[in-house]
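Peer 1: Structure provided below as structure tokens; questions to follow.
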Amino acid sequence: MIVASANHRFRKFKSLAMNSLCIACALLVILPLVVILFYLVKMGASSLNLAFFTNLPQAPNQPGSGMANAIAGTLELLLLASFVGVPAGILGGIYLSEYGGERMNRWIRFWADVLNGVPSIVWGMLSYALVVIRMKAFSAWAGGLALGFIMLPLVLRTTEEVLVLVPRSYREAALALGLPQWKTIMRIVLPTALRGIVTGILLAMGRIAGETAPLLFTALGNDYWNHNLSGPIAALPLQIFKYAISAYDDWHRQAWAGALVLVALTFILSIGVRLFSRGRFQKST
Amino acid sequence: MAPAGVGAPSGSRLADRVFHLLCLAGALTVGLLLLLVLWELIKGSHLSMKTFGWKFFISKTWDPNAGVDGAYGALPFIYGTIVTSIIALVIAVPLSIGTAIYLTDLAPMWLRQPLTSIIEMLAAVPSVIWGLWGIFVLVPVLRTDVYPVLQKILGFLPFFEGPILGVGLLTAGTIVAIMILPIVTSVSREVLRSVPNLQREAAYALGATRWEVTRIAVLSYARRGLMGAAVLGLGRALGETMAVTMVIGNAPNISLSLFDSGDTLASVIANQFPEASGVMLSSLFELGLVLLGVTILVNILAQIMIHALTTAETRRVA
């Protein structure tokens, strides 16, 4: 039998203490999420009503104020961003999985990851330089372009990740039947991985739906309906920002309500989609 | 039906080549986009570079009303960015690594996946909402309950002197810390998971306690990758914009006191870009260029540090 020496007891104690510390870390990391969800529901839910989803923003303390135009604007911007980010991202992803050599791929992945780390406000500046200065106006186009830049590397990486999961034998079977490679990819590889690719696109949309900084001087925001894409357009995060830094309690309440809607949107996009797609990924490996 | 590959070889070969090039173009947009943004920001900052030269980086004044065109210097914003990022790292890195250890080595199996998902949810909360929460929840709590205590204990240090505003460098750093927790945690977790189990088993076999296994076999093995995770967190912290803008106080100060208000590269761009023109606009472009350059370098460093470990690892296994 081993006699527990003082040293051994100390080591045991130290191990227990350090492990407890790790548990404390984990709890502390989760704490902010619990706290922010609590406040979003507490402050936001009471200000949500039907008018919030159907009406335009009103002056402070006017009844029936809403963010209908901002919600629609955010969806429009997501759509515009997808036109920029999705085609290039998918084509790039196809290249990485189907064509590229080891060396080339490593470089492209590397630069995509670096691109991913560029602060989002910088993409707003690029879009400002490319679109706003040339068109001499803030516009939905500029906002969508800025968000599209952020989307591109995300879509590229997720597309590649799901395409490499498509079994090699599918491609070989199609090629053996005499299908040219581009048709093999379009008819066999892409449809097989479609669900994964769509998941990746929705995840990227969840990432950009809450982006505010790149929209500040591109989409600019708007208190009215705007159906002209060459003009300033409202967006949910911009409206939240404007209300949050205002001096009116009424607007603060609305900012919380908007925040609740925005978080719900991003969570549905990022978490819901992930759960929905989980079964498929495992099957195809 | 004619077999496509044999029946019409030249047509489909052309189509194949076109499609190949199209995909290549898609992949190359990644590099082109980086060159494009560098080029546009350099072009935009031309006027500022011509007017101020290298003095831009050491000048402390940011005053649109000075002289005819105003006087612009980057130092207060570089200072604010560095200070808030350091605060964020000091808070976030130990917490993240502790959590990552818990997730890979300590937590019961059934808890690991749900916990990881919860931390991913934290990453999905938009910056502007952290800012909103910062203004109305965090700032009042820090101002009335936390900072006075901190000042009482550590007030002899220059960092904790002076009036307590609630908003300021320390508050901004705290919010940024919360925002980089998920990415530092998830990369640290990946790094720790890549440590071979053989390492752990060897340490256990020598009679090490659970913590000794973590320290000797896991942490020392993964040190470089964990530093990479921290550097990646630094990259995110440097560019964090909205939440910082909302709680930092927005004043171009260089103050030792962490309770004082400040400004970062990203926050001053967010605040002043929409109304700027002329030399001021160009100076903001130059600040953006500095931000872009630094984050690119930091991210390259992080990628190298993280991948050095994972590729060494795959080589070992192969």
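Quick grid of which residues meet (1) of a type outside the set (Val, Ile, Thr); (2) surrounded by fewer than 21 Cβ atoms within 10 Å (Cβ to Cβ):
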site: B:Val231; (1), (2): no, no
site: B:Met246; (1), (2): yes, no
site: B:Ala251; (1), (2): yes, yes
site: B:Ser261; (1), (2): yes, no
site: B:Ser282; (1), (2): yes, no
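Peer 1: Just to confirm my filter: which helices (runs of 4 or more DSSP H) fall fully inside the range B:77-166 and include at least 1 residues that are among the hydrophobic types (A, V, I, L, M, F, W, C) and more than 19 Å from A:Val41 (Cα to Cα)?
Peer 2: Hits in the range B:77-166: B:109-123, B:147-154.
Peer 1: For the range B:17-27, indicate whether the set of residues that are surrounded by 19 or more Cβ atoms within 10 Å (Cβ to Cβ), more than 10 Å from chain A (Cβ to nearest Cβ) and either modelled with pLDDT under 95 or within 30 Å of A:Leu145 (Cα to Cα) (or both) is non-empty.
Peer 2: First pass over the range B:17-27, keeping only residues surrounded by 19 or more Cβ atoms within 10 Å (Cβ to Cβ): B:19, B:23, B:26-27.
Filter once more, so that each one left must be more than 10 Å from chain A (Cβ to nearest Cβ): none.
Within the range B:17-27, not a single residue is surrounded by 19 or more Cβ atoms within 10 Å (Cβ to Cβ), more than 10 Å from chain A (Cβ to nearest Cβ) and either modelled with pLDDT under 95 or within 30 Å of A:Leu145 (Cα to Cα) (or both).
Peer 1: A further question follows. Residues being polar (S, T, N, Q), more than 9 Å from chain A (Cβ to nearest Cβ) and buried (at least 16 other Cβ atoms within 10 Å of the Cβ): count how many of those fall in the range B:118-157. Please lay out each step first, then the result.
Peer 2: First pass over the range B:118-157, keeping only residues polar (S, T, N, Q): B:127, B:144, B:151.
Next, from what is left, pick out any that are more than 9 Å from chain A (Cβ to nearest Cβ): B:144, B:151.
Then keep just the ones that are buried (at least 16 other Cβ atoms within 10 Å of the Cβ); that gives B:151.
Number satisfying all stated conditions: 1.
Okay, residues lined up against (1) at pLDDT below 95; (2) in contact with a helix residue (DSSP H, G or I) (Cβ under 9 Å, 6 or more places away or on another chain); (3) crowded, with 23+ Cβ neighbours inside 10 Å:
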{"site": "A:Leu130", "(1), (2), (3)": "no, yes, no"}
{"site": "A:Met135", "(1), (2), (3)": "yes, yes, no"}
{"site": "A:Gly143", "(1), (2), (3)": "no, yes, yes"}
{"site": "A:Ala146", "(1), (2), (3)": "no, yes, yes"}
{"site": "A:Phe149", "(1), (2), (3)": "no, yes, yes"}
{"site": "A:Pro153", "(1), (2), (3)": "no, yes, yes"}
{"site": "A:Glu161", "(1), (2), (3)": "yes, yes, no"}
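Peer 1: Looking only at the range B:77-90, filter to residues that are among the β-branched types (Val, Ile, Thr) and buried (at least 19 other Cβ atoms within 10 Å of the Cβ); which one of those is farthest from B:Ala177 (Cα to Cα)?
Peer 2: Restricting attention to the range B:77-90, the residues satisfying the condition of being among the β-branched types (Val, Ile, Thr) are B:78, B:81-84, B:86-87, B:90.
Restricting the remaining residues to those that are buried (at least 19 other Cβ atoms within 10 Å of the Cβ) gives B:78, B:81, B:83-84, B:87.
Values: B:Ile78: 18, B:Thr81: 13, B:Val83: 12, B:Thr84: 9, B:Ile87: 7 Å.
Looking at the filtered set, the residue picked out is B:Ile78.
Peer 1: Here is a list: B:Thr99, B:Thr104, B:Thr144, B:Thr116. Which entry is out of contact with any Leu (no Cβ under 7 Å at 6 or more places or on another chain) and under 17 Å from A:Val29 (Cβ atoms)?
Peer 2: B:Thr99
Peer 1: Something else now. Could you pull out the residue among A:Leu28, A:Leu50 that is free of Cβ contacts under 8 Å to residues at least 60 places away in the same chain and more than 14 Å from chain B (Cβ to nearest Cβ)?
Peer 2: A:Leu50
Here's the yes/no breakdown for (1) in contact with a Lys or Arg (Cβ under 6 Å, 6 or more places away or on another chain); (2) modelled with pLDDT of 95 or more; (3) of a type in the set (Val, Ile, Thr); (4) in a helix (DSSP H, G or I):
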| residue | (1), (2), (3), (4) |
| --- | --- |
| A:Thr74 | no, yes, yes, yes |
| A:Leu79 | no, yes, no, yes |
| A:Gly85 | no, yes, no, yes |
| A:Ala88 | no, yes, no, yes |
| A:Gly93 | no, yes, no, yes |
| A:Arg106 | no, no, no, yes |
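Peer 1: Within the range A:200-213, take every residue that is at the interface with chain B (Cβ under 9 Å from one of its Cβ atoms) and under 10 Å from A:Ile150 (Cα atoms) and give me the one that is nearest to the chain's Cα centre (by Cα).
Peer 2: Here the answer is A:Arg207.
Peer 1: Another question about this same structure. A:Ala247 - would you say it is loosely packed, with under 15 Cβ neighbours inside 10 Å and within 13 Å of the chain's Cα centre (by Cα)?
Peer 2: Answer is no for this residue.
Peer 1: Among the residues of the range A:62-70, are any surrounded by fewer than 22 Cβ atoms within 10 Å (Cβ to Cβ) and part of a helix (DSSP H, G or I)?
Peer 2: yes
Peer 1: So which residues in the range B:287-314 are at pLDDT below 80 and of a type in the set (Val, Ile, Thr)?
Peer 2: B:Thr310, B:Thr311, B:Thr314
Peer 1: Could I ask something else about it? Name the residue that is farthest from the other protein chains (Cβ to nearest Cβ), counting only residues in the range A:94-152 that are under 21 Å from the mean Cα position of the chain (by Cα) and charged (D, E, K, R).
Peer 2: The selected residue is A:Arg109.
The values are calculated or read from the model by the stated rules, or taken from the named source; none is laboratory data. Since this is a predicted model, take the numbers as computed values, not measurements. Glycine also receives a Cβ, built like all others from the backbone with ideal geometry; neighbour counts cover every protein chain displayed.
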